[in-house]
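Structure, as structure tokens:
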Amino acid sequence: MKAAEIFSSLEDRIVRGELRAGDALPTVREAAELWQVNKNTVAAAYRMLQNAGLIFSSGRNGSVVGGPVAPHAATGWTPSYDGVIAANGGNPDRTLLPSALMVRAQLQKVSTDPLLYGEADEAVPLMEWARESFGGDGVPADSLFVGSGTMAVLDTVLRNCLSPGDAVALEDPAYATTIGLVRSIGLKPVPMAMDAQGVRPEALQAAIQAGCKAVVLSTRAQNPTGICTSAERAKQLAPIVAKARQTLFLDDDHSSLLELAPYRNFVSANAEHWLVTRSVSKFLGPDMRVAVAAGDALTVARIARAQAYAMGWVSSLLQRLVGGLLQQPAVLSLVREAGPVYRERYAYMQKALRGIGIETVGTAGFNIWVPCENEALVAQSLISSGWRIRTGADFTLEAAPGFRVTTAALDKDAADAFVAALAQAMTVRPPQLA
């Protein structure tokens, strides 16, 4: 049996759900004996699985299944088909997004004249919004790039500005999809420890000294923690960024227009190579697959050229729809009202957790990170109580274990109900071997 055959067999079992997130794989030695192959063959297969983002190393626990990530997940204060309330999806509250009536009204204003190859271009209203949005936070907007969502932008920039085997610094815990993306294209994720104020300066410095070619972070509403970079921390990070002339800094500012926290511009103000990406998913809806990135001229030129050879462009029809929505007073009013609601829900959940003795470190966001040693056991107990959370194995590199709870769609009653169920779940003890 060859490494590629082992890879294909395990990949198939993971994709079909036979092996689930958190399941431990046999050690290299055990697998070699099981399949009657050389240990190097198993090690090579495991490296292929890790590069594909399907498994990850869990220290003394060996290799653990980390995916796949479900493309669609139920969310909100509404039971799913199995009667379980999903607090795991990372989604916005559907009631705080533009209504179908608002979208239809804007669609009637959008030109549907067919465009041919070579005629597609960025929609003027969307570009106007982007320049105003970036300019208001002091981010230069001379070079802009339109991608099909933030992850598509990150995929394009990492594939075309880095080489397989390069190291990429990530917040720890980090957004699970970002970790999976980095691994899937053969890059090496390097953790940066965080505290309540953001990425720790010594962690960023260490990552740069270790040769990281890129740094991926979120300066506010970080997923999965809700950590927002403080003004003091931004001042501490700025000189480190300024000295890293060969490092590419990527800021995923997904919550932008909601203004869940002030934007701390230490990336574009100091880095030679940088990109700040703002998508509309959190305030217009995840199906609005548009993100606009501002960056240095060279980086933007590279990714624009790469996209031209691949998908070509983001649908002009979609760009015009999104740009038009972002100019509608009713939509902008809805977004302005949604921001405080999300902040309040996050703060209320944080306070409720503190009431049962759980301290969290975030400031504002769609998700909150709950430290927990027995995350898998707690998750199982919560399922039996009617709640689904996202266990933390997919989000962490070296950080202490925990799990993510999406607070965006949980009002006070829902938060109280969840915390009561969590308090009960935390009392459950692992079964003891006889």
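Observations, loosely collected:
- Average accessible surface for the chain: 46 Å² per residue, computed with a 1.4 Å probe over protein heavy atoms with every protein chain in place.
- With at most 10 neighbouring Cβ atoms within 10 Å, loop chymotrypsin sites (Phe, Trp or Tyr not before Pro) (DSSP) excluded, longest segment of the chain: 118-434
- Checking the Cα-Cα distances for LYS243/LYS351; LYS2/LYS188; LYS109/LYS282; LYS188/LYS243 against a 28 Å cut-off, the pairs over it are LYS243/LYS351.
- log10 of Debye I(q)/I(0), alpha-carbon scatterers only, for segment 179-264 at 0.12 Å⁻¹: -0.35
- For the chain, the longest site-free run once GluC sites (Glu not before Pro) in DSSP loop states with at most 14 other Cβ atoms within 10 Å are removed: 120-358
- Equivalent-ellipsoid semi-axes for the chain (Cα gyration tensor, √(5λ), whole Å, largest first): 34, 28, 22.
- 3J(HN,Hα) couplings calculated from phi for segment 172-188 with the Karplus curve 6.51 cos²θ - 1.76 cosθ + 1.60 (θ = phi - 60°) are, in sequence order, 9, x, 10, 4, 4, 5, 5, 4, x, 4, 4, 5, 5, 9, x, 9, 9 Hz; Gly and Pro show x.
- Additional length obtainable on full extension of the chain from SER163 to SER111, 0.36 nm per residue less Cα span: 14.6 nm
- Taking all pairs of distinct alpha-carbon atoms in segment 3-65, Kirkwood radius in angstrom: 11.5 Å
- Exposure ranking of THR112, THR178 by accessible area [1.4 Å probe, largest first]: THR112, THR178
- Note that segment 71-218, at 20 °C in a medium of 1.002 mPa s, gets a Stokes-Einstein diffusion coefficient of 111 µm²/s from its Kirkwood radius over C-alpha pairs.
- Heavy-atom accessible surface of the chain: percent carbon and sulfur, 1.4 Å: 52 percent
- Under the combined filter of DSSP loop state and at most 13 neighbouring Cβ atoms within 10 Å, segment 263-304 retains none of its trypsin sites (Lys or Arg not before Pro).
- All alpha carbon pair distances within segment 111-327 were sorted into 5 Å bins beginning at 0; the resulting P(r) in whole percents reads 1, 7, 16, 20, 21, 17, 10, 5, 2, 1, 0.
The values are calculated or read from the model by the stated rules, or taken from the named source; none is laboratory data. Note that this is a predicted model, so its numbers are computed, not measured. Note: ideal-geometry Cβ built from the backbone for every residue, glycine included; neighbour counts use all protein chains shown. Heavy atoms of the whole protein, side chains included, go into the accessibility calculation; ligands, DNA and RNA do not. Shrake-Rupley method; radii C 1.70, N 1.55, O 1.52, S 1.80 Å.
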